[in-house]
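Some notes on the structure that comes next.
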Amino acid sequence: MNYTQPQKAVAVLLAMGQPQAAAVLARMSGEETDRLLSNSRKMRSVPPEDLAVIANDFEQAFNRAAAIYDADSRFHQLVSEARGAGDEKGSIQ
């Protein structure tokens, strides 16, 4: 199994299914999607055993990066920013 990181990303996106992959792709820059497209052209198929390894690697990387510290204050800040600074609803108690 020799896949580049972008090819692995293509495999994960395809495995997600259209609605979820489309949501992820919508958040990517044109340069990022072009890089994935370019790498996907070099791919034919991804056997199930390769996909299982790729998915496991993705899950492990996600779990390492997903540690959340100080969740309460970070979430309050996120909500405040989403509501807009100076907005009457912007302040959260």
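Bear in mind these aren't lab numbers, they're just calculated from the coordinates by the rules spelled out. Because the structure is predicted, anything quoted here is derived from the model rather than measured. We place every Cβ from the backbone using ideal geometry, glycine too, and count neighbours over all the protein chains shown.
Those residues that are of a type in the set (A, V, I, L, M, F, W, C) and under 13 Å from residue 3 (Cα atoms), I need them from segment 32-51; list them, please.
To start, the set of residues in segment 32-51 that are of a type in the set (A, V, I, L, M, F, W, C) comprises 36-37, 43, 46, 51.
Those that are of a type in the set (A, V, I, L, M, F, W, C) and under 13 Å from residue 3 (Cα atoms): 36, 43, 46, 51.
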Checklist entry - Out of segment 33-49, which residues are without any contact (Cβ under 8 Å) to a residue 12 or more places away in the chain and hydroxyl-bearing (Ser, Thr, Tyr)? => result 33, 45
